[in-house]
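Read through the structure below, which is laid out as structure tokens, and then see the notes.
Values in this text are rule-based calculations from the coordinates and carry no lab data. Keep in mind the model is a prediction, meaning the values are calculated, not measured. So basically every Cβ, Gly included, is an ideal-geometry build from the backbone, and we count neighbours across all protein chains shown.
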Number of protein chains: 2
Amino acid sequence: MSVDEASGTEVPRRGRPPSLTRDEIVEAALKLTDESSLDEVSMRAVAGELGVPVMTIYNYVASKEVLNELVVDHVLHPVEVPSPETGSWDERMRALQRAARRAMRRHPGLSFSRHGSGSHEAARLAEGAMSILREGGFAATQAATAFATLFTFMLGQVELDVLADSGAGGEATFESVTTGIGLNRDQLFETGLDAVIAGITATMGAPTGRG
Amino acid sequence: MSVDEASGTEVPRRGRPPSLTRDEIVEAALKLTDESSLDEVSMRAVAGELGVPVMTIYNYVASKEVLNELVVDHVLHPVEVPSPETGSWDERMRALQRAARRAMRRHPGLSFSRHGSGSHEAARLAEGAMSILREGGFAATQAATAFATLFTFMLGQVELDVLADSGAGGEATFESVTTGIGLNRDQLFETGLDAVIAGITATMGAPTGRG
DNA sequence: ACCTGAACACCGTTCAAGT
DNA sequence: ACCTGAACACCGTTCAAGT
């Protein structure tokens, strides 16, 4: 029943038609991720979710590692890089960071640094951040340095969200120190981001006004 | 041959004396970690390194997860919180961040956010950082917010080091953007830390001078 | 007290045989 | 082309039996 999209006529294909799509597999993996964490999602569980034998998955996805990256790509895909007309470089950067964090935060079982190191969508956002800085008037070296600082902050923030959401380290590390302070994680993110952007502006010679 | 440390006389013990110590186990795990990564180190491999059957390890360490935390504790143990006499709050904070990063960076197979969420040593350093801020004159809320920002930066930096060292994501995310810039990772860390501290000073009302 | 072989309930993935 | 059962080489951990 395959239909050629250009001609609209049926096109003969050899062998069986696909019974699944990559997207179905990714969405099944993401659903299971939200019930625990991506590391704990097994290929067998994904297959079970879709009602197929494990090995069927391997017709669509080369390995668990590739599946991990596809899941991160899927989550990051809707995040948009704010266009130049939307404001000054720091406003655009704030919007980008907020959007990326929000996307990741919806899926606490996902760790960017664990699963997304090869993500194409992450690369797209990184390039978007660089564009924002360059269009904001940063010279190449300053832009790269500023990017590294912002990326570091973002990465740490997402990891921290995961740590906090998992309930681990509650007694030990972070929560013990910030508990009792009347700030939630979103406020801490905004205040921290303000500080980082102010620091970049002060130390890396950012121009003022819109880019 | 057990000797009571107080009396100096021999003390009878029941059953077999220990054939291992926790420290030997942790060091074996760390050695194997440096050859790949802690996640890839199996309990069987640790036992093999020590020349004992797997199950012997479980007489000393309750689980792999506990072993992971002990390894992080071991690595963080030598990191000192700079005393008040060593300088102003920002100098002390820089020294602490540098020392902690250096310790983690010696063992790229280790991820703080993956393995150290329950680390007591990490908690000690977090408390040290809070003390530095409080002694530097930050009010409680400001200190907690500043701490969260610095901790986030640090966490991201360590994750970034791991990403960069693993060679993963080289094409995709970070390296592509900062490659070709004449800055190495240590310089990026220092410059980023400068920016974060400047930003905290500017936005969170840090006093000047030594604490 | 401490040691340890056998076994359990899992993994990701290869391979070969099916249609 | 796509599907899939069986098997391989692993895991962490429980349990029971040893000294």
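Count, for each residue of B:139-149, the Cβ atoms from other chains sitting within 10 Å of its Cβ, then give me the mean as a whole number. Don't skip to the answer; put the middle values down first.
On the way: counts 0, 2, 5, 2, 3, 8, 9, 3, 5, 15, 12.
Per residue, the number of nearby Cβ atoms from other chains is 6 on average.
Got a sec? Charge dipole of region B:77-133, +1 on Cβ for Lys and Arg, -1 for Asp and Glu; which of B:Phe112, B:Val79, B:Leu125 is way out at the positive end?
Toward the positive end, the furthest listed residue is B:Phe112.
Quick check: pseudo-label points 7 Å beyond the Cα along Cα→Cβ at A:Arg44 and B:Ser83, how many nm apart are they?
Result for the modelled spin labels: 5.7 nm.
Quote the FRET efficiency, to the nearest 0.05, computed for A:Glu91 versus A:Ser63 with a Förster distance R0 of 56 Å and r equal to the Cβ-Cβ distance. Can you show the working numbers first?
Numbers: r = 40 Å, r/R0 = 0.72.
In this case the efficiency is close to 0.90.
At 7 angstrom along the Cα-to-beta-carbon line, where would the label on B:Thr86 sit relative to the other copies? Give the distances in nm, shortest first.
4.2
What lysines sit close enough to B:Lys31 to cross-link, taking a C-alpha to C-alpha distance under 29 Å and skipping anything fewer than 8 places away on the same chain?
A:Lys64, B:Lys64
Could you order peptides A:17-24, B:185-192, B:47-54, A:149-156 by the average number of other Cβ atoms within 10 Å of their residues, highest first?
Values: A:17-24: 12.5, B:185-192: 18.6, B:47-54: 14.5, A:149-156: 25.6.
Listed from highest to lowest mean packing, they are A:149-156, B:185-192, B:47-54, A:17-24.
May I ask you to derive the FRET efficiency for A:Thr21 and A:Asp165 from their Cβ-Cβ distance with R0 = 35 Å, giving the value to the nearest 0.05? Write down the numbers at each step before the final one.
Numbers: r = 30 Å, r/R0 = 0.86.
For R0 = 35 Å, the calculated efficiency reads 0.70.
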